[in-house]
1. Going through A:Val193, A:Val118, A:Val162 one at a time, which residue ends up being open to solvent by less than 20 Å² (accessible area, probe 1.4 Å), assigned to a strand (DSSP E or B) and in contact with a Pro (Cβ under 9 Å, 6 or more places away or on another chain)?
2. Say we look at region B:37-74 and pick out the residues that are in contact (Cβ under 8 Å) with a residue 12 or more places away in the chain and at positive phi; which of these is nearest to the other protein chains (Cβ to nearest Cβ)?
3. Given the criteria assigned to a strand (DSSP E or B), of a type in the set (Gly, Ala, Ser) and more than 17 Å from the chain's Cα centre (by Cα), does A:Ala291 qualify?
4. For region A:257-310, name all the residues that are open to solvent by less than 10 Å² (accessible area, probe 1.4 Å) and aromatic (Phe, Trp, Tyr).
5. Where residues in region A:367-395 are charged (D, E, K, R) and either over 30 Å from A:Ile336 (Cα atoms) or in a strand (DSSP E or B) (or both), which of them is farthest from the other protein chains (Cβ to nearest Cβ)?
6. Looking at region B:158-171, is at least one residue closer than 23 Å to B:Gly39 by Cα, outside any helix (DSSP H, G or I), more than 14 Å from chain A (Cβ to nearest Cβ) and not basic (Lys, Arg)?
7. Could you check region A:311-349 and list, in sequence order, the residues that are open to solvent by 30 Å² or more (accessible area, probe 1.4 Å) and over 30 Å from A:Arg385 (Cα atoms)?
8. When the residues of region B:75-88 are filtered to those that are open to solvent by 60 Å² or more (accessible area, probe 1.4 Å) and assigned to a helix (DSSP H, G or I), which remaining residue is farthest from the other protein chains (Cβ to nearest Cβ)?
Amino acid sequence: MSASTLSSTPATVGAFTPEAFAAHLASLPPLPAWWLDRKRAAYERFASLPMPKRTDESWRFSNIATLTLDGFALPAPTASSHHAPIGIQKSAKLVFANNRLSTREPLAADLAARGVIVDSLQNALVRHGDLVREHLLAQPQRLGSAKFAALHEAFLADGAFVYVPKGVEVELPVGLFSYAAGANTAVFPHTLVVAAENSRVTVVEYFGSAEDHDAHFACGANDLYAGHGAQIVYVGKQDWSESTLSFQLNSTVVRRDARVQSLNLHLGARQARSESLSQLQAPGAFSEMLALTVAHDAQEFDQRTLQIHQAPNTKSDLLYKNALRDKAKTIFSGLIIVDPDAQQTDAYQSNRNLMLSDDAEANALPGLEIQANDVRCTHGATTSRIDREQEFYLQSRGIDRAAADELITFGFFEDVLNRLASDELHTALRNLIQSKFKK
Amino acid sequence: MSQLEIKDLHVAIGEKAIVKGLTLTIRSGEVHAIMGPNGTGKSTLSKAIAGHPDYTITSGDVLLDGKSILELEADERARAGLFLAFQYPSEIPGVSIANFLRAALQARLAEGEEIDATAYYKRLYAKMDMLKIDRKFTSRSVNDGFSGGEKKRCEILQMAMLEPKFSLMDETDSGLDIDALRIVAEGVNTLRGPNLGVLLITHYQRLLNYIVPDFVHVMYDGRIVKSGGKDLALELEAKGYDWVKKELAAATAA
């Protein structure tokens, strides 16, 4: 990469200047050279890639003008102790505030003795370098945010590393929390989950702001890797302040007979872009991709998904449901790709939008690219206005409009929430959704 | 003792006048039946009183204990003590009957007050036992995939839980076979009492064999044209609505 690309215009790097990057590197503890090299390469990529343009197909319907990176800054390490429990029992817990590990509750001794690891990425880079190197940000960026993925890699300071060895089952969820504190703070949360052969683990992650009124820039990513016969349940709850600009770039790799269920709840941010890539790499792999969004005021939720079937007899099932109020906007763009030899693929993709207001806007772009001839693929999108007779029915029982909207939204979400095997998680998600209706 | 007064009420849907000057007073403990041929404005009357936004009250008034309710939203009217048992209840997928009723009761509490879950379920189960409804019912989504009889029983259960001052029951018998009708009527009879006034809207006399009214009114062309005791229903059954129409025509001609 030439030096000229590094002296990019402020428009393409915003606050994330070469000086800021150098200061970031200087702030890190000693880390493996391969990782620092990757970060440097990532910074060059970030600086040289253009900002998204309105004409980019992968940014269709998105509000490009509001993506500016100006004004955000890397926070000084904070001793923030902000933490809001979500009311579930956990096997271990890591809390990050402004990109630094602030609190931890270690695993029970028996799980640790069996080789389960729940640790910070910084520690894992040093202690489990090979595992991290193999899986950390190792998958392609195909959904439009390569620039922000590069930014994430360049400025990633710390995150969570969860490893479950062959045949081990972790009963209780691992709880991960990422907070941003202080005005205009930039955070780069990362979660890497590696489930080895026939292991099982549930990871519950929460993203939130210490103060509701502060604007943040959150540029997060996760990597989920399910080895042969492994089962991962991942639940992500995005609850940033409503002036936050958020990116969340998720990648899932599913190996033979493995199963990954992910459910992402989107509540916060003024503008939230989420990209989810699932790669079904070996026969019997199954990826269940679920998302629930409550959009209100002028929030924009921009969801891009890709299900890639790379082997025969693989299955994916995507269901994204959005409830829109006020002048909120959602975009769902989903693609299923079936490679030529991925016969007997069973792929499903569905986006459903419930309009609770006439001023809200839901955009849906479902897509298929099938190169095998013996497959079952269905996709579709529906958008429906809340039924007036339904609304009157609820009102005639004494329930006011706002409470009626809430009740109907829960009814609309119920089939997704019911896919969670854990009642405790189901309740925790319900409570969080309910708190949004009280805002 | 409460009182629901309907005073010279005129109701239109769009430009079309449907109810054309109806006056009726119902007191706690009374059961009034309104009978009449199809298209005469019976259902419009009940929905207008309940506050459906598609129905415009062009003149007249509806007073609950002396106070007009016309400026209130549908949910406020319900909380003031009105209940509409729907002819065609809406289906609400994904919302269980238990959660639905809980939300309806929660709406009646002051801000910050929370329903006591244990007491709530105790009361719900007691009402269900009283109405002979299986407890499994509570976890089903409201009216979703219900048979006609189940929908009507669900309406009666809601009425039992919400304890309105006045219940407007719109064609509660429609779509029911005789067994379902008997069960639903039994439910209404169980809830009948000094604290409840009922306006029973029906096309057929058969419902009145099971729920015996104190007063029967015949509605025709948007008005009550004849009122009487429970025997009027039997007379109507024997002579048909044509009898009323002829009588009315004769009276108008004279």
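The values are calculated or read from the model by the stated rules, or taken from the named source; none is laboratory data. What you see is a predicted model, and the numbers here were worked out from it, not measured in a lab. Every residue, glycine as well, gets a Cβ built from its backbone with ideal geometry; the counts of neighbours run over all protein chains shown. Please note that ligands, DNA and RNA were not included when accessible areas were found on the heavy atoms of the full protein model with its side chains. Shrake-Rupley method; radii C 1.70, N 1.55, O 1.52, S 1.80 Å.
1. Details: A:Val193 fails: in contact with a Pro (Cβ under 9 Å, 6 or more places away or on another chain); A:Val162 fails: in contact with a Pro (Cβ under 9 Å, 6 or more places away or on another chain).
None of the other options fit; the residue is A:Val118.
2. Step one: filter region B:37-74 for residues in contact (Cβ under 8 Å) with a residue 12 or more places away in the chain, giving B:37-38, B:40-66, B:69-70, B:72-74.
After this cut, where a residue has to be at positive phi as well, the list is B:41, B:51, B:60, B:65-66.
Working: B:Gly41: 18, B:Gly51: 7, B:Gly60: 21, B:Asp65: 17, B:Gly66: 21 Å.
Filtering region B:37-74 for residues that are in contact (Cβ under 8 Å) with a residue 12 or more places away in the chain and at positive phi, the one nearest to the other protein chains (Cβ to nearest Cβ) comes out as B:Gly51.
3. Numbers: assigned to a strand (DSSP E or B): yes; of a type in the set (Gly, Ala, Ser): yes; more than 17 Å from the chain's Cα centre (by Cα): no.
So A:Ala291 does not fit the description; no.
4. The answer is A:Phe301, and nothing else.
5. Initially, region A:367-395 is screened for residues charged (D, E, K, R), giving A:369, A:374, A:376, A:385, A:387-389, A:391.
From what is left, the residues that are either over 30 Å from A:Ile336 (Cα atoms) or in a strand (DSSP E or B) (or both) are A:369, A:376, A:385, A:387-389, A:391.
Details: A:Glu369: 33, A:Arg376: 26, A:Arg385: 14, A:Asp387: 7, A:Arg388: 8, A:Glu389: 5, A:Glu391: 9 Å.
Filtering region A:367-395 for residues that are charged (D, E, K, R) and either over 30 Å from A:Ile336 (Cα atoms) or in a strand (DSSP E or B) (or both), the one farthest from the other protein chains (Cβ to nearest Cβ) comes out as A:Glu369.
6. Keep residues of region B:158-171 that are closer than 23 Å to B:Gly39 by Cα, which gives B:167-171.
Okay, now just the ones that are also outside any helix (DSSP H, G or I), so B:167-171.
In the following step, the residues that additionally are more than 14 Å from chain A (Cβ to nearest Cβ) were identified as B:171.
Filter once more, keeping what is not basic (Lys, Arg): B:171.
Yes, there is a match, as at least one residue in region B:158-171 is closer than 23 Å to B:Gly39 by Cα, outside any helix (DSSP H, G or I), more than 14 Å from chain A (Cβ to nearest Cβ) and not basic (Lys, Arg).
7. Scanning region A:311-349 gives A:Pro312, A:Asn313, A:Lys315, A:Asp339, A:Pro340, A:Asp341, A:Gln343, A:Gln344, A:Asp346.
8. Kept after step one, since they are open to solvent by 60 Å² or more (accessible area, probe 1.4 Å), are these residues of region B:75-88: B:76, B:79, B:88.
From what is left, the residues that are assigned to a helix (DSSP H, G or I) are B:76, B:79.
Working: B:Glu76: 8, B:Arg79: 4 Å.
Out of the qualifying residues, it is B:Glu76.
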